[in-house]
Each structure stands twice: as C-alpha cells, then as structure tokens.
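These notes concern the structure reproduced below.
The values are calculated or read from the model by the stated rules, or taken from the named source; none is laboratory data. Treat the numbers as computed from the prediction; the structure is a model and nothing was measured. Note that each Cβ is placed from the backbone with ideal geometry, even for glycine, and that neighbours are counted across all protein chains shown.
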Amino acid sequence: MKIIAYGVRKDELPFFEKFADQFGIEYATTAKELNNETAKLAKGFDAVSLYTATTESNDAWEKFEEYDIKYVTVRTAGFDAVDIDRAKKHHIKISNVPQYSPSAIAEFAVAMTLAVLRKIPLALERAKVQDFSVEGLLGKELNQMTIGVIGTGRIGMTTAKVFNAFGSKVIGYDVFQNEEAKKVLEYKSLDDVFANSDIISLHIPLTSENKHIINKNSIEKMKDGVIIINTARGGHIDGEVLRDALVSGKVAAAGLDVYEFEEGLLKRDLSGEVIRDSIYRDLSNLPNVIMTPHIAFSTETAVHNMVKMSTENLIAFTNAGVSDNEITK
C-alpha cells in the first residue's frame, strides 16, 4: 500500500517512519498543502493523508478520481472545510481522527485560562526588561469561579474534569446531554451558561447552526468581566464583536488558539510581513488577549495518535472499503 501525506510537519516525520515500518506500507511525505496543483503529486498512490482539510483541498477530488484514489484521511478531528458532497461526487471516502487526545486540548484550555487569570504574559514581558513591579498583576483563583463548558463531548468533558480538580464549579451546555458528563458538570440551558459563567470555554465542532455562537447578542447575556477561551474553531466567534467587547471591558480577557480566518495565517512564519486582517491585528495587540497559533492539540501523545489512527483508517478502507471514522457516509 502506498500513501502520500500532505502538510507534514517536522514533528510528524518520525511517526510516519515508525508506522510505515509497523504496518508494512510505503509512505511519501510533503510539507505542501493539498490543492488543485499539488494533487498531481498523488498520482501512483493508493490513498492520501492530509494534516487538515482546507477549502482548496476540495479542488483535488476530481484529479483523485482520475488517479483512481478512493480514500483520503484527515489527521485531525475537525473537517468543517471538507466539501462532503463534492467528495462523494468523485467517489472518494474520507475519514478523520475524532479522538487523538482529549487531554491535550483540555489541558491547553485550562493552561490558557490560568495564563489569562494570573496575567502571566504581562509578567513575562516585564521580566524581560527587568521590570519586576507587581502593580497590575493582581490575579484571580479558579476555585472561586464558575466555568461554562459549551460542548460536552470527549474534549469538553475532559476539560470539565480538569477545572473540577482546581475546585471550580462547572456548568455546561450541549445539544446532546450524556450521563457521564453529569458526573463532572451541571447541565444548563445555553442562556443560563452565558449568564452564570465567569469563564466560558468552547469545545464544539463547527456547524452552520453554531457559527458565531459568540456574537453581540450572546455577549450581552454574559456577566460583565467574563473571560472567553476558544480552543475549538475560530468560526465560533464573531471577531469584530469580541474585539469591541474586550475594548469596552464587557469581556475582561480572551484566550484564543483559533481564529475564524486563520487559513493562510496561522501555522506560518510571517515575520516581517504586514498582516492585512485588521481584526486579527487588533485582537493580537490587545493586552488582555492571548493568541496562539492553533497548537492546543500539539503534544507527543496527540501527534503519535493522529498519525497512527489516520494510517489505520486508510488500511481499514483498503481492506474492507469502510472505516469506523468515515465522514462521507
């Protein structure tokens, strides 16, 4: 079996080598993202692995059909950029990795929350210039706060458990409640979560129904001084509205590992370049905002599992024509 992997980062390479040996397959890797032009690199391969799908990835499906490539896997849980109908039209089955490490993202969400609450970035900036003053560094404690977790799947539930360990009260909202989650949080209506949370942490997949779930109307329902943490998808937040709420003080602070228009922006070295997105520029320059380049997933455990499970998806496809993680059903 021959697989070509697109969008491969240096930290993934040892794992591709490991699982090529373990499963007895041939892997070719490229740092290039999949698009209509780079699709030609897949000619002669049996299947394709993507780090994450972009809107341009969908331009490759027609060529893949021409090359008799039927199976594609995405090495992440998110697949909101995949045009499922377009892939089906060209007889391509696509799978994802829905559970590579809930703890990686949960721990990052809590770490980001702690950094915001204790004003760690400001303290570090001062220390670099030998400013060891403590004015303006008064923090808050998690054990005194109510955390609103929106999305109580594996990641959201794990996040609730970590916040519980700090002594926080955790409330949550999900379209689909589950009994296991009730052991670590109290379910509320979405409006109640907005109204009663000191900190809101997002852990939902992006859908047309929840795009901009954080908007002008929902922020108005929140406590004054609420903190918003997003390690899910950038499209959950209306960036312009959040910026204005951060400037006004309605939202005290935000921790953002994702951004709605991050494609072509995050995960790239743009040193010395002018970022044209004015909302991103504004958000990243606010002192009460932490922005990271979509790295909540990035742990050794998670990357190992992403490569292993995506490889297993493609092997399952070729052996039986089906994978448990298929998203094109």
Quiz prompt | Of the criteria (1) in contact (Cβ under 8 Å) with a residue 60 or more places away in the chain; (2) surrounded by 19 or more Cβ atoms within 10 Å (Cβ to Cβ); (3) more than 23 Å from residue 315 (Cβ to Cβ); (4) not assigned by TED's automatic domain parsing to the domain that holds residue 151, which one residue 58 fails | solution = (1)
Quiz item: When both residues are 6+ apart or on different chains and their Cβ atoms are under 7 Å apart, which pairs have a first residue that lies in the range 216-243 and is in contact (Cβ under 8 Å) with a residue 60 or more places away in the chain, and a second that is among the charged types (D, E, K, R)?
Solution: 227/198; 231/257; 233/80; 235/211; 235/260
Quiz item: Does the range 238-248 contain at least one residue that is surrounded by fewer than 20 Cβ atoms within 10 Å (Cβ to Cβ) and at positive phi?
Solution: no
Quiz item: Taking the range 91-128 as the search range and keeping residues that are out of contact with any Lys or Arg (no Cβ under 9 Å at 6 or more places or on another chain) and part of a loop (DSSP other than H, G, I, E, B), which one is farthest from residue 65 (Cα to Cα)?
Solution: 119
Quiz prompt | Residues that are surrounded by fewer than 17 Cβ atoms within 10 Å (Cβ to Cβ), under 27 Å from residue 191 (Cα atoms) and among the hydrophobic types (A, V, I, L, M, F, W, C), drawn from the range 112-155 | solution = 114
Quiz item: Just one of the numbered conditions (1) assigned to a helix (DSSP H, G or I); (2) modelled with pLDDT under 95 is not true of residue 306; which one?
Solution: (2)
Quiz prompt | Positions within the range 237-263 being closer than 17 Å to residue 220 by Cβ and touching a Lys or Arg at 6+ places or on another chain (Cβ under 8 Å), in sequence order | solution = 238, 241
Quiz item: Which pairs have Cβ atoms under 7 Å, sit 6 or more apart or on different chains, and link a residue in the range 96-108 that is at negative phi to one that is modelled with pLDDT under 95 and among the polar types (S, T, N, Q)?
Solution: 96/76; 96/325; 97/76; 97/325; 98/325
